[in-house]
Amino acid sequence: MGTPGTISKPWTILVVDDEPEVRKLVKAMLARMGYQVLLAESGDEALKIFQKHPEIHLLLTDVVAPGMSGPMLADQLAELQPDLRILFMSGYDNSQVVQHYVVERGFALIPKPFTSEALTQKVSEVLGARDLPSASAD
């Protein structure tokens, strides 16, 4: 096991959001907990990163994005890696797009804005890992 408040397994998370501030904040939250974090500002960039880093365990992507939407990106990456875990984030958690492409399909969703504790807990749930820190590790 790792030290308190950190993970003991080197999970890699690909974070995709078109807002630089969101990417930076999410990376800081996840890195503080011991995750390896890769960042992409678009679906196209995420695909390129994914091809270079086959060790990605989790895709954390915004639902609504210019160009390629989060669900479109998730579908493409899941074809390449069927066991990839997916977590969507959105500031529009009640929109028809979110309901149809995320909730109705059974994907996990974390509404924006979120706290570090909420993100840690949701990531832990999606990864299904027992060696992840609790949300109170902050």
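Ordering Thr61, Thr115, Thr12 from the fewest to the most neighbouring beta carbons within 10 Å gives Thr115, Thr12, Thr61. Principal semi-axes of the equivalent ellipsoid, √(5λ) from the alpha carbon gyration tensor of the range 3-75, are 22, 14, 9 Å from largest down. Note: the range 37-102, Cα convex hull, 82 Å³ per residue. By the gyration tensor of its Cα atoms, with a ≥ b ≥ c the square roots of the eigenvalues, what is the shape of the range 69-122: rounded for a/c under 1.5, prolate for a/b over b/c, or oblate? Oblate is the answer for the range 69-122, as a/c is 1.5 or above yet b/c matches or exceeds a/b.
Shape summary of the range 1-123, radius of gyration then Dmax from alpha carbon positions: 13.6, 42 Å. Given R0 = 25 Å, the distance between the Cβ atoms of Glu117 and Asp18 translates into a calculated FRET efficiency of 0.50.
Going from the fewest other Cβ atoms within 10 Å to the most, the residues Tyr101, Tyr35 appear in the order Tyr101, Tyr35.
Spin-label pair Lys52-Gln76: with each label point 7 Å from Cα along the Cα-Cβ axis, the two points sit 1.6 nm from one another.
Rule-based calculations on the coordinates, nothing more; no lab input. Keep in mind that what you see is a predicted model, and the values were worked out from it rather than measured. All Cβ positions, even for glycine, are placed from backbone atoms using ideal geometry, and neighbour counts span all protein chains on display.
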